[in-house]
Amino acid sequence: MHYPKTRKRVFWCAMVLWMLGYLCAPAVHAQKNNYKNRWKKVSDFQNKNLPKSALKEVEDIYKQAQKDNNAAQLVKAIVHKLKYVVMVEENDLVKSLSDLQAEVKNAKFPVKPVLHSMLGQIYWQYYRQNRYRYRNRTATAKDFKQADLNTWDLRKITEETMRQYKLSLADPEKLKKVKVALYDDIIVKGDKEQRKLRPTLYDFLAHRAIGFFRSSEPNLTKPAYQFTLNKPEYLQDADAFANMKVDAKDTTSYKFYALTILQDLVKFHLKDADVSSLVDADLTRLGFVYDHLTTNVKKDLYRKALERLEKKASNSRFLPR
């Protein structure tokens, strides 16, 4: 296969960006002693440039996390397994993705939705690092290899990215009941005020999905009918927005999914005693709608919406800037 060293760098870049974003903070975070000691061994092997030994230790951590039913350590072990496979094995990109796809298939809640989100980001990061390969590529042949991104066309990689993010939110009611503290052993927590903005696993994964769906680049593959934000009501107050009907003829519309996820986030937090998460989600909604709304009076509507939100936020420590 072509460009093995380049693919290694590209794939590992995607993994590092994902890990540094939210999960898999350094092993110095508070953990149970047995895991802390194990991760120190992994770090020591890496510092000595012994990736095979590091991989073996990570595989042992993976087995222990499965036995303990420790979701945080299991996710961390999966990520590091992929990292060291890239370093020590041939055909690394295909094998790493095949391994991850198998992990996603076999994983159980609450690990499974996190892995779906992770896989979606890896796919899209790979595309962004390899745009030039996709620009003029013809449609994928029927006999393409599922795990090999080098055989995919632009439509395939965008659809698969979209599917993974949707799958990460496939069971929202269960996700809303899981406190994000479940992943405290590996998550970059931020301060107390920041933690208020993402209190549940649903918040965490929903905002990751919104980050993809709100971007303009996925619309490189334009659907026959493009969902358009053309209703002034999209800038109404949070309560009214949460209960308005949002329809789209084409369910591949990225803006549609960004808006509906934001709508569900707003609805989820409407009755919170602390309005931090609500204000955060609604600010994201207002900014997204303002960027894409087609009406000529959106500036005035946006200003009034921010004023209403400021009043709501006055009872919270979190104030919009």
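Observations on the structure shown:
- Full-stretch length increase - Asp171, Asn296 - with 0.36 nm per residue and alpha-carbon distance subtracted: 41.2 nm
- Distance between the pseudo-spin-label points of Asn243 and Lys304 (7 Å out from Cα toward the beta carbon): 1.9 nm.
- Projecting label points 7 angstrom from Cα along Cα→Cβ for Asp68 and Thr260 puts them 3.9 nm apart.
- Going from the residue with the fewest nearby Cβ atoms within 10 Å to the one with the most, Met244, Met87 rank Met244, Met87.
- Each residue of the stretch 265-274 is assigned a 3J(HN,Hα), and the resulting list reads 4, 4, 4, 4, 9, 4, 9, 5, 5, 9 Hz, derived from the Karplus form 6.51 cos²θ - 1.76 cosθ + 1.60 (θ = phi - 60°), x at Gly and Pro.
- Pairs spanning more than 26 Å between alpha-carbon atoms, out of Lys245/Lys304; Lys112/Lys271; Lys41/Lys67; Lys76/Lys166: Lys112/Lys271.
- Among Asp274, Asp280, the ranking by other beta carbons within 10 Å of each residue's beta carbon, starting with the fewest, stands as Asp274, Asp280.
- For Thr200, the residues whose modelled amide H falls within less than 5 Å of its own, excluding neighbours fewer than 5 places apart on the same chain, are Val180.
Here, each number is a calculation from the coordinates, and none is a lab measurement. The structure displayed is predicted, hence computed values, not measured ones. Cβ: placed from backbone, ideal geometry, glycine included. Neighbour counts: every protein chain shown.
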